[in-house]
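Derivation of every value follows stated rules applied to the coordinates shown; laboratory data play no part. Worth saying up front: this structure is predicted, and the values here are computed from it rather than measured. Ideal geometry is used to build each Cβ from the backbone, glycine not excepted, and the neighbour counts take in all protein chains shown.
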Amino acid sequence: GENVEQHPSTLSVQEGDSAVIKCTYSDSASNYFPWYKQELGKGPQLIIDIRSNVGEKKDQRIAVTLNKTAKHFSLHITETQPEDSAVYFCAASKAGGGADGLTFGKGTHLIIQP
Amino acid sequence: GAVVSQHPSWVICKSGTSVKIECRSLDFQATTMFWYRQFPKQSLMLMATSNEGSKATYEQGVEKDKFLINHASLTLSTLTVTSAHPEDSSFYICSACPSGGQPQHFGDGTRLSIL
């Protein structure tokens, strides 16, 4: 089955700096890669996703890049703010034409230092 | 849009009790819902895929007789943890997909504590 590795497990950056979180996946059939933000005691919230026919996607301060050949994808957050502090999870699935369960990475605890 | 609601948010009960958790899609229909489990400071692990009107599909290692799933309508799936024991204590989270495809939208989870 699919295996998703995520690094780093903890990331501390100064407010205003950029943060980058990286993930690799093992199953070349995976073609859908979402990123979720989870705050303490809450469910994950989708922040951005990318499909395998696209190499990069951006939404304001958040961007995701995908390298299908190398089987890795990354989350980039620019101009970080204190409210960006949370646990971030990457995930992969074979979206196909319908819904498929997600395989998650182990998560990155992002800490924004004021 | 795409709001998923879970109930209850927190359950504390004695060992041996059965506990039912509800997952509702509030503003869309979901032919497929998913159930995940998350232990403290760990990632989410897929337990089962819930399909409206048919039997759920369980991941390897998840006991179907222990975790009963019912998806009787396009907006409601339930997970019943039968004869719960302390090792079943965890954070259970459901998700649902509008239009049958990605992305998945998650509920706020149910924290289950078995004494």
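For a straight C-alpha distance cut-off of 22 angstrom, the lysines reachable from residue B:14 (same-chain residues fewer than eight places away being disregarded) are B:64, B:66.
With both bridge residues required to lie in chain A, what share of the DSSP beta bridges run antiparallel, to the nearest 5%?
Working: 36 of 41 bridges.
Just about 90 percent of them are antiparallel.
Over chain B, what is the relative contact order in percent, taking alpha-carbon pairs closer than 8 angstrom and at least six residues apart? Write out the running numbers ahead of the final one.
Numbers: 294 pairs, mean separation 42.8, N = 115.
In percent, rounded to a whole number, it is 37.
Within 10 Å of each residue's Cβ, count the other Cβ atoms and sort B:89, A:28 from fewest upward.
Lowest to highest Cβ neighbour count: A:28, B:89.
Peptide B:26-38 has a mean shielding of 2, counted as Cβ atoms of other protein chains within 10 Å of each residue's Cβ.
Averaged across A:63-75, how many Cβ atoms of other chains sit within 10 Å of each residue's Cβ atom?
Working: counts 0, 0, 0, 0, 0, 0, 0, 0, 0, 0, 0, 0, 0.
So the per-residue partner count for this stretch is 0.
The lysines whose alpha-carbon is closer than 17 Å to the alpha-carbon of residue A:94, local same-chain residues fewer than 8 away aside, are A:68, A:71.
Amide H contacts of residue B:21: B:79, B:80, B:81, each under 5 Å away and 5 or more positions distant or on a separate chain (H built 1.01 Å from N in the peptide plane; Pro and chain starts excluded). Near residue A:45: Cβ cut-off under 13 Å, other residues only, Lys/Arg at +1 and Asp/Glu at -1. The net charge is -3. Here the dipole of region B:21-115 is about 80 debye; that uses its Cα centre as origin and unit charges on the Cβ of Lys and Arg (positive) and Asp and Glu (negative). Taken about its Cα centre, chain A carries a charge dipole of roughly 320 debye when the Cβ of each Lys and Arg holds +1 and the Cβ of each Asp and Glu holds -1.
For the residues of B:103-115, the average number of beta carbons from a partner chain within 10 Å of their own beta carbon is 4.
Peptides B:24-33, A:49-58 ranked from most to least packed give B:24-33, A:49-58, packing being the mean of other C-beta atoms within 10 angstrom over each peptide's residues.
Give the long-range amide H neighbours of residue A:15: residues separated by 5 or more places, or on another chain, with amide H under 5 Å away, using H modelled in the peptide plane at 1.01 Å from N. Counting only residues 5 or more places away or on other chains, the set is A:113.
In the protein assembly as shown, a dipole from Cβ-located charges (positive for Lys and Arg, negative for Asp and Glu) runs towards its positive end, and of A:107, B:4, B:101 it is B:101 whose Cα lies farthest in that direction.
Rounded to the nearest 0.05, what FRET efficiency do residue B:39 and residue A:53 give with R0 = 35 Å and r taken as the Cβ-Cβ distance? Could you check? The formula returns an efficiency of 0.50 here. Using the Cβ of residue A:58 as centre and a radius below 14 Å, the other residues enclosed give a net charge of -2, where K and R count +1 and D and E count -1. With contacts defined as alpha carbon pairs under 8 Å and 6 or more residues apart, what's the relative contact order of chain A in percent? Relative contact order comes out at 37 percent. Excluding same-chain neighbours fewer than eight residues apart, the lysines reachable from residue A:42 by a Cα-Cα span under 22 Å are A:106, B:20, B:41.
Which shape class applies to region B:4-81: rounded if a/c is under 1.5, otherwise prolate when a/b exceeds b/c and oblate if not, where a ≥ b ≥ c are the square roots of the Cα gyration tensor eigenvalues? Rounded shape, in that the Cα axes give a/c under 1.5.
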